[in-house]
Structures are given as C-alpha cells and as structure tokens.
1. Please enumerate the residues belonging to the stretch 309-327 that are in contact with a strand residue (DSSP E or B) (Cβ under 6 Å, 6 or more places away or on another chain) and either of a type in the set (Gly, Ala, Ser) or over 14 Å from residue 144 (Cα atoms) (or both).
2. How many residues, within the stretch 11-56, are assigned to a loop (DSSP other than H, G, I, E, B) and farther than 16 Å from residue 329 by Cβ?
3. Scan the stretch 34-67 for residues that are small (Gly, Ala, Ser) and over 19 Å from residue 318 (Cβ atoms) and jot them down.
4. Could you grab me the full set of residues in the stretch 285-316 that are of a type in the set (S, T, N, Q) and over 13 Å from the mean Cα position of the chain (by Cα)?
5. Within the set of pairs 6 or more residues apart or between chains, which connect a residue that is small (Gly, Ala, Ser) inside the stretch 265-282 to a residue that is outside any loop (DSSP other than H, G, I, E, B) with Cβ atoms less than 7 Å apart?
6. On the given criteria, is residue 108 within 19 Å of residue 295 (Cβ to Cβ), of a type outside the set (Ser, Thr, Tyr) and free of Cβ contacts under 8 Å to residues at least 40 places away in the same chain?
7. I'm told residue 316 meets every condition in (1) touching a Cys at 6+ places or on another chain (Cβ under 9 Å); (2) under 18 Å from residue 65 (Cβ atoms) except one. Can you identify the failing condition by its number?
8. Of the conditions (1) within 25 Å of residue 344 (Cα to Cα); (2) touching a residue at least 24 places away in the same chain (Cβ under 8 Å); (3) small (Gly, Ala, Ser), residue 193 clears all except one; give me its number.
Amino acid sequence: MMQAVQLFGKNVIKNVEVPQPQIKDNEILVQVKAAAICGSDVRMIQNGYPGVNETHPLTLGHEVSGIIAKVGAAVSGYEVGQRVAIAPNMGCGICDQCVSGNTHLCSNYQAFGINLPGGFAQYLKIPAKAVRQGNLAPLPEELDFATAAIVEPLSCVFNGQKIAQVYPGDKVLIIGAGPIGIMHAMLALAQGAQKVMMNDLNESRLQIVHEILPDVITITNADLKAAIAENTDQKGVDLCIIAAPAAPAQEASFDYMAMNGRLLFFGGLPQNREPVKLNTNLLHYKQLRLYGCTRASLSTYRQTLAFAASGRLPLSKLITARYSIDDFSLAYQNARDGQGLKNVIEFK
C-alpha cells in the first residue's frame with residue numbers, strides 16, 4: 001500500500017491508502033520524490049473534474065520528479081535507481097499532431113494528474129505509451145528533485161516564448177506576478193530583453209518579484225499606462241504576456257503595444273469569463289501579432305530541463321514552502337490563498 005492524495009469531487013480531497021501500482025513488462029514504476037502544486041490542481045479541486053467522483057477518484061499532481069524503482073522486462077534505456085523528471089502530457093502517437101512531435105496537442109491527449117493517476121503519491125506508474133514517447137527524462141545532477149518538479153510549468157512558459165519570440169533589446173510587459181509570470185520574466189531576461197516590466201493587482205506579489213528579480217520593473221495598476229509610456233519612450237512594449245486568467249487584462253493589452261508588437265495570451269480563462277472584447281482596429285493599425293499557447297512538447301520539456309540545470313535562472317527561489325504528503329491540506333490552502341509561490345510536496 002501507499003499514500004496518495006485523491007480528488008473525489010468538487011472540494012473533496014482526501015489523503016488515502018491505495019495499492020502500490022503493479023507494472024507490466026513494458027512499463028516503469030517511479031518512486032516519487034517531489035510533486036508541486038499547480039494552479040490547475042487548485043482549479044480542479046475547486047470546480048471538480050468530469051468523471052471524477054466518490055467511486056472514481058483521481059490522484060492529482062502533474063509536476064513530478066523521482067527515482068526509477070522498477071523497470072519492466074521489455075523496457076530498455078532506463079535503469080533502477082535512475083533520477084528522472086516526468087513530462088505529464090502524452091498523445092495517441094499516431095495522429096498528425098503526434099507524428100509532428102506535438103503530442104501535447106493531440107485531441108486524445110492524456111496527462112498524469114489530469115485524466116491519469118498523478119504524482120501526489122509515493123509511487124507513479126509510467127504506462128507503455130509514455131515510456132515509448134519519452135515522457136521520462138534523465139534528471140541532470142545539478143537539479144534537486146523539488147526544482148526539477150517545477151520545470152514542467154517552466155517548459156510551458158518556454159513553449160509560449162518560443163511561439164511569441166523574445167528578441168535582444170525587447171521591452172516586455174508581463175501581466176500577472178504569480179509563479180508563471182515570474183518564470184516568464186526570468187526567461188525573458190535570460191534571452192536578452194532590455195526591460196521587463198511586471199504588473200499585478202497584488203502589491204505584495206510585486207514585492208516578492210522585486211526580491212527575486214531586482215532587474216524587473218514592478219508596476220501597480222494605478223500607474224500602469226504612465227509607467228509603460230515612461231519606460232518605452234512613449235512607444236509601447238514590444239511583447240506583452242498575459243500570464244493571468246484575467247479577461248480585462250486581455251482586453252486592455254492592445255493599448256500597451258508598440259507598432260509591430262507581439263502579444264501572448266498565456267493563461268486560459270474560466271468559461272464564465274469568455275468571450276472577451278478586443279479592439280481589432282488596434283490589431284490592424286498597429287500591425288500586431290497575437291499568439292496563444294498551451295502545454296509543452298516533450299522536446300521543449302527536455303530543452304527546459306537542460307537550461308534549468310545550467311543555473312542561469314534562479315528557479316529554486318520560486319519554491320517558498322515544502323511539505324510532507326501528510327500536510328497536503330495545508331499546502332493546498334496556501335496555494336489556493338496565494339500564500340507564497342510554489343508549494344512542493346516532498347517524499348522521503
């Protein structure tokens with residue numbers, strides 16, 4: 001038996017004893033060492049998830065790292081004791097998106113902690129499809145397990161910035177000072193942005209940003225437009241990233257843009273806040289480019305692991321609290337209430 005945190009329905013999470021997974025010859029069993037709480041975990045708990053109920057609970061957690069505990073007899077390329085990070089998304093393997101390398105965009109995609117058992121458990125079974133597609137990535141020695149767990153959201157950030165592009169000398173505005181927004185700021189600075197500005201309704205979050213990334217210009221809502229004008233010679237920003245699920249931020253973003261500017265709508269919106277109204281004349285006359293993104297490919301995930309291991313990003317500073325699985329309820333409450341940044345469950 002093993003401990004696991006499972007969702008049984010809307011606002012019903014329990015720390016339970018469940019059987020340890022048994023693997024087949026083409027599967028792998030990972031002993032989980034760290035699993036981080038994500039905003040999507042919070043939303044799944046608060047809103048429930050289709051098909052998840054008292055008789056069909058789901059083990060949550062998709063930001064995961066660990067050690068290989070067992071390797072199926074038919075599996076090659078992995079060994080017991082190997083340190084690994086786990087990319088959560090897998091596709092069918094045969095559709096056009098999958099064969100192009102975009103398994104995360106498969107219309108029948110599956111993911112640990114979303115519609116497959118996840119990493120808030122002592123052990124996680126890696127099914128044959130995930131083994132074959134390469135969801136297990138060798139973990140560089142430079143990364144501890146907790147930092148490796150939060151590489152997953154960083155890979156999603158990297159995916160978005162690969163799409164929208166950050167060029168040396170860019171003036172970048174990020175709306176939303178949560179962990180995702182701070183990761184966007186880290187990555188933009190590392191890619192040569194001249195100025196990175198960050199806006200959030202929560203001024204205490206902006207103070208945390210200043211402590212982690214003193215080069216970032218933090219801006220409150222009261223002086224947002226004036227500060228953008230001052231820091232861009234009245235021209236507007238080259239890249240604006242909306243890293244918060246906020247329809248008003250999306251609607252206002254066109255006003256902040258320079259000619260030929262680029263916008264990335266990173267955060268999805270709750271269904272009750274869609275659709276949004278956009279001034280498409282600004283899109284037209286400023287010759288703007290508008291991008292969306294979701295999840296990350298396996299190749300992007302492995303690239304992200306590599307540069308996270310380089311130490312050029314202060315990624316570990318985002319981990320503000322570590323808990324045992326017995327304290328999951330407290331960790332969830334802090335994540336839900338915006339206390340700290342990344343809350344990580346660690347296993348001995």
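The values are calculated or read from the model by the stated rules, or taken from the named source; none is laboratory data. Predicted model, so just to flag it, every value in this text is computed and none were measured. Cβ placement follows ideal geometry from the backbone for every residue including glycine, while neighbour counts extend to all protein chains displayed.
1. Across the stretch 309-327, the qualifying residues are 321, 323, 325.
2. 17
3. Listed by number, the residues that qualify are 48, 51, 66.
4. 287, 299, 303, 310, 316, listed by residue number.
5. Once the first residue is small (Gly, Ala, Ser) and sits in the stretch 265-282, its partners that are outside any loop (DSSP other than H, G, I, E, B) give 267/242.
6. Spelling it out, residue 108 is indeed within 19 Å of residue 295 (Cβ to Cβ), of a type outside the set (Ser, Thr, Tyr) and free of Cβ contacts under 8 Å to residues at least 40 places away in the same chain.
7. (1)
8. With respect to (1) within 25 Å of residue 344 (Cα to Cα); (2) touching a residue at least 24 places away in the same chain (Cβ under 8 Å); (3) small (Gly, Ala, Ser), residue 193 is out only on (1).
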